[in-house]
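*Asks:* A single structure is presented below for examination.
The values are calculated or read from the model by the stated rules, or taken from the named source; none is laboratory data. Since the model is a prediction, treat every value here as computed from it, not as a measurement. Cβ atoms come from the backbone with ideal geometry, glycine included; neighbour counts cover every protein chain shown. Heavy atoms of the whole protein, side chains included, go into the accessibility calculation; ligands, DNA and RNA do not. Shrake-Rupley method; radii C 1.70, N 1.55, O 1.52, S 1.80 Å.
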Amino acid sequence: MSFSLPTGRRRRRLMVIAPTIAAITLLAGCSSSKKSTAGASSTAAGTSSSAPAPAGSTSASAGGSTAPAAAGCDAYKDYPKLTGKTVTLFGSILPPESDSLNKSWADFQNCTGIKLAYEGSNDFEAQLGVRVQGGNAPDIAMIPQPGLLQKMVQLGAVKAPPAAVVANEDKYWNKDWKTYGSVNGTFYAAPLSANMKSLVWYSPGAFKKAGYTVPTTWADMMTLSAKIATDTKGKVWCGGIGSGTATGWPSTDWLEEVVLRQFGGQVYTDWVSHKVKFSDPQIQAAMKTVAGWYQNPAWVNAGFGDVKSIATTTFQDAGKPILTGKCWMLQQASFYGAQFPKGTKVGPDGDVFAFFLPAMDPTVSEVPVEGGGEFATAFRDAPEVQEVQTYLSTPLWATNRIKAASGWVSANQGVDPSVYTDPVDALSAKYLTDPKATFRFDASDLMPAAVGSGQEWKSFTAWFAEGQSIAQVAKDIDGAWPTG
Amino acid sequence: MEAALQGLASSMLVPASTFSDSAAKIGNVLEVVAVFFAVVLLVFYVAGKASGKLEKPVAIVVFLVPAVLLLLIGLVIPAIRTFYYSFYGATSAKSVGLDNYKWAFKTPAIQTVLKNTLLWIVIAPVLATALGLTIALMVDRMKRQAVVKSLIFMPMVISFVGASIIWNFVYNYRDSSQPQIGLLSKVVITLGWKHPPNWILSSPLNNFLLMVIMIWIQTGFAMVVLSAALKSVPDEIIEAARVDGAHGFRLFSSVQIPMIRSTLVVVLTTIMIATLKVFDIVRTMTGGNFKTSVVANEMYNQTFVQFNNGHGSALAVILFLGVTPLVAYNVIQLRKERATR
């Protein structure tokens with residue numbers, strides 16, 4: 001599966017334009033990166049929050065220059081002022097979501113004088129490789145796949161985080177998250193957002209009208225699907241895996257959810273590390289479960305056509321038939337809420353809402369939660385970059401971002417749950433912090449990039465679109481696993 | 001159609017951040033271009049000061065050195081490196097001999113890629129040229145041919161990516177019981193084909209559907225060049241042929257075609273070279289899925305998605321070897337044409 005919140009929100013309009021823009025930026029980036037490195041030769045080691053703050057200073061405008069933002073700057077008094085410095089950020093989050101990012105660090109920019117220049121690309125996974133190998137890396141990349149993070153570390157391009165980031169990581173996140181931001185035991189990147197994948201979108205109104213109740217076990221969900229199919233003589237589930245160059249990722253989520261539910265967290269972890277191969281009987285069995293669910297010709301693809309149409313339906317479009325009553329359920333992550341048209345009411349008594357994709361067997365895992373997130377990875381270790389990195393790892397930034405706009409959840413435990421205004425965000429946060437939860441990061445994000453954002457997407461697309469056999473899909477993916 | 005229109009309308013609303021982003025980028029590009037021109041002007045100014053004996057050698061150096069240098073940096077050295085890497089493994093660390101080439105010719109998925117590329121270079125250029133020639137002939141004696149020509153030439157102005165987005169909507173699929181947003185589906189349903197296929201999924205048809213985009217773009221180019229060539233055939237020859245009794249198709253095949261043969265070949269090979277490098281259309285329309293990938297796209301995938309330098313380089317070399325004879329032939333024909341003038 002794949003993507004974290006940002007990628008998830010890609011918009012079709014931009015998908016193709018991105019490479020072009022990126023090409024232009026390659027040119028443009030040359031001039032700007034030169035400028036910024038020139039000024040950055042000073043002591044790089046000092047971390048921002050541990051740096052000596054001006055003793056007894058009451059305002060943050062210690063720099064002496066005319067600082068207009070006096071009001072909210074108390075919270076930023078630990079961050080030394082570095083007026084005129086620019087930190088470039090690169091991620092897969094596109095407008096309008098990236099506007100919320102810009103909003104979230106507006107105060108930080110005002111109070112510290114550091115300019116944060118964010119750039120989003122819909123071809124992020126491919127472009128980051130191109131830029132880093134081309135010597136034009138961003139200062140900080142928001143990498144949604146730990147597999148890609150690993151690749152970047154192997155290229156020798158990633159800088160170690162300052163001590164303050166490590167301290168925040170230990171204080172505010174549970175240990176699992178630290179492993180996800182580490183490569184071979186060395187911690188590199190703190191998480192930014194978290195997202196919840198184990199959700200099913202549905203229409204509360206339609207369910208109520210037809211007298212259906214939200215299923216609480218996997219078996220219930222299957223019974224309900226069969227019942228809806230007979231009751232309505234129509235399709236039940238809708239889905240779409242089209243996503244430009246990332247086509248296929250939503251289908252990898254389906255398998256991951258099933259593996260976690262059918263065989264539990266340990267098998268899942270071993271599968272991620274390729275100790276359990278795709279050709280393993282357990283994974284093969286899980287793929288068959290997926291085939292019985294999302295490739296069931298009687299159940300999919302509601303509102304679009306046959307099973308194969310899943311491959312040509314963009315994931316953005318996939319859930320729209322829920323609003324017109326043509327589709328009953330869609331398995332998709334929390335961020336999908338943003339895809340519904342403006343004016344759609346999301347909530348327990350709204351037009352659409354989500355329920356937790358139920359467990360299969362409580363003895364295997366009681367509350368199986370699959371999620372994702374992205375990690376702030378630094379490619380430069382100038383003081384201003386480290387300062388931004390530190391800020392992004394604080395509950396302060398997470399809270400600012402949550403307040404900027406809904407549709408964004410943090411696994412940062414320092415965040416007060418009451419700041420969530422959106423019911424889906426609150427629902428996601430509830431499961432992400434459930435003590436009984438078996439939380440696993442998106443497997444395809446953890447696998448080596450050649451598989452997790454390469455062959456697996458391709459082969460799964462062929463599985464859905466061309467009816468390629470489960471055995472062949474497994475063979476191709478196992479074959480693409482990098483050796484040593 | 002309504003849904004499609006709504007989609008279009010909403011995509012018009014570009015958020016402010018996108019605008020300021022692009023403004024900065026455009027500014028940067030302009031900056032680079034300005035610096036480039038300043039340097040060029042400076043060099044020319046200094047070189048212009050040279051006189052007498054020095055004049056000629058200085059001129060040669062000034063004109064030749066930048067070109068040779070850029071060619072070396074941008075083309076020759078990368079080409080040699082790519083060739084070298086194609087015998088090395090994924091990380092270019094250890095030699096694997098011919099394994100990458102074996103992989104390219106033995107893996108079924110890559111065989112499909114090579115087969116598709118072959119289909120592309122044969123079909124798209126031939127159809128585009130044939131269509132262009134036909135239109136050039138038909139338009140030749142028409143009133144207001146400028147209007148017709150402009151209309152047909154217009155797709156040439158659209159980038160491959162833009163054209164692909166347009167055609168993506170044309171080929172869009174919805175089950176026939178649902179409201180249609182794809183033009184092609186809607187048209188054939190109206191004509192009575194009740195259950196049209198999911199176009200972009202129907203292999204091998206989808207390859208041809210993608211070629212249509214290329215043909216749509218390149219026909220205008222072929223038409224304009226061939227139309228000019230047809231006009232340059234001297235009237236006396238045509239008249240003489242008419243007097244000898246050649247009309248219609250006979251006149252066309254025995255007189256006009258031989259007269260514009262070299263132009264025809266140049267047009268054909270130019271489109272072929274463009275086709276060999278086709279990447280944007282495939283990447284935009286299908287991302288190389290559904291058995292539609294071509295060498296250029298797969299090369300990019302192997303290098304930048306799978307991070308396999310060896311595979312990527314091997315495909316690049318195969319592509320290069322494929323283009324070279326065409327380029328050579330193209331150049332030879334161009335020279336011949338120049339010689340006859």
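*Asks:* Please list, ordered by first then second residue, the pairs with beta carbon atoms under 8 Å, 6 or more apart or interchain, first in the stretch B:306-327 and assigned by TED's automatic domain parsing to the domain that holds B:GLY89, second buried (at least 23 other Cβ atoms within 10 Å of the Cβ) and in a helix (DSSP H, G or I).
*Replies:* From residues that are assigned by TED's automatic domain parsing to the domain that holds B:GLY89, there are no pairs.
*Asks:* Ok, one more. So B:ALA93 ticks every box in (1) at pLDDT below 90; (2) in a helix (DSSP H, G or I); (3) of a type outside the set (S, T, N, Q) but one. Which box is left unticked?
*Replies:* Going through (1) at pLDDT below 90; (2) in a helix (DSSP H, G or I); (3) of a type outside the set (S, T, N, Q) one by one, B:ALA93 breaks only (2).
*Asks:* Just need a number here: residues in the stretch A:448-469 that are outside any helix (DSSP H, G or I), touching a helix residue (DSSP H, G or I) at 6+ places or on another chain (Cβ under 6 Å) and at the interface with chain B (Cβ under 9 Å from one of its Cβ atoms).
*Replies:* So the count comes out to 1.
*Asks:* Can you name every residue in the stretch B:182-218 that is open to solvent by less than 10 Å² (accessible area, probe 1.4 Å) and either touching an Asp or Glu at 6+ places or on another chain (Cβ under 7 Å) or in contact (Cβ under 8 Å) with a residue 60 or more places away in the chain (or both)?
*Replies:* Once the filter is applied, which keeps residues that are open to solvent by less than 10 Å² (accessible area, probe 1.4 Å) and either touching an Asp or Glu at 6+ places or on another chain (Cβ under 7 Å) or in contact (Cβ under 8 Å) with a residue 60 or more places away in the chain (or both), the stretch B:182-218 yields B:ASN206, B:ASN207, B:LEU210, B:MET211, B:ILE213, B:MET214, B:ILE217.
*Asks:* Can you tell me which of (1) surrounded by fewer than 16 Cβ atoms within 10 Å (Cβ to Cβ); (2) within 25 Å of the chain's Cα centre (by Cα) is the one A:SER279 doesn't meet?
*Replies:* A:SER279 satisfies all of (1) surrounded by fewer than 16 Cβ atoms within 10 Å (Cβ to Cβ); (2) within 25 Å of the chain's Cα centre (by Cα) except (2).
*Asks:* Taking A:SER273, is it within 21 Å of the chain's Cα centre (by Cα), within 14 Å of chain B (Cβ to nearest Cβ) and either more than 22 Å from A:LYS326 (Cβ to Cβ) or open to solvent by less than 10 Å² (accessible area, probe 1.4 Å) (or both)?
*Replies:* Against the criterion (within 21 Å of the chain's Cα centre (by Cα), within 14 Å of chain B (Cβ to nearest Cβ) and either more than 22 Å from A:LYS326 (Cβ to Cβ) or open to solvent by less than 10 Å² (accessible area, probe 1.4 Å) (or both)), A:SER273 does not qualify.
*Asks:* Can you name the residue in the stretch A:160-175 that is closer than 22 Å to A:PHE379 by Cβ and surrounded by fewer than 20 Cβ atoms within 10 Å (Cβ to Cβ) and, of all such residues, is farthest from the chain's Cα centre (by Cα)?
*Replies:* A:ALA163
*Asks:* Which condition number does A:ARG131 fail, the rest of (1) over 25 Å from A:ALA246 (Cα atoms); (2) within 12 Å of chain B (Cβ to nearest Cβ) being met?
*Replies:* (1)
*Asks:* Same structure again: Would you mention how many residues in the stretch B:169-181 are more than 10 Å from chain A (Cβ to nearest Cβ) and either touching a residue at least 40 places away in the same chain (Cβ under 8 Å) or open to solvent by 40 Å² or more (accessible area, probe 1.4 Å) (or both)?
*Replies:* Result for the stretch B:169-181: 2.
*Asks:* Continuing with this model, one more query. Test of understanding: among A:SER98, A:SER104, which residue is closer than 25 Å to A:ALA429 by Cβ, open to solvent by less than 30 Å² (accessible area, probe 1.4 Å) and within 11 Å of another protein chain (Cβ to nearest Cβ)?
*Replies:* A:SER98
*Asks:* Looking at the structure I just gave you, is A:ALA167 in the same structural domain as A:LYS115 (by TED's automatic domain parsing), more than 18 Å from A:PHE441 (Cβ to Cβ) and free of Cβ contacts under 8 Å to residues at least 12 places away in the same chain?
*Replies:* In short, yes.
*Asks:* Also, I was wondering about something else. Got a number for residues in the stretch B:48-90 being part of a helix (DSSP H, G or I) and either within 30 Å of B:GLN302 (Cα to Cα) or charged (D, E, K, R) (or both)?
*Replies:* 21
*Asks:* Suppose we filter the stretch B:262-321 for residues that are of a type in the set (Lys, Arg) and either assigned to a helix (DSSP H, G or I) or more than 8 Å from chain A (Cβ to nearest Cβ) (or both); how many remain?
*Replies:* The number of residues fulfilling the criteria is 2.
*Asks:* So which residues in the stretch A:91-133 are aliphatic (A, V, I, L, M), assigned to a loop (DSSP other than H, G, I, E, B) and closer than 15 Å to A:TRP408 by Cβ, if there are any at all?
*Replies:* A:ILE93, A:LEU94
*Asks:* Right, another one. What number of residues within the stretch A:280-319 satisfy the criterion of being free of Cβ contacts under 8 Å to residues at least 60 places away in the same chain and within 14 Å of chain B (Cβ to nearest Cβ)?
*Replies:* 4
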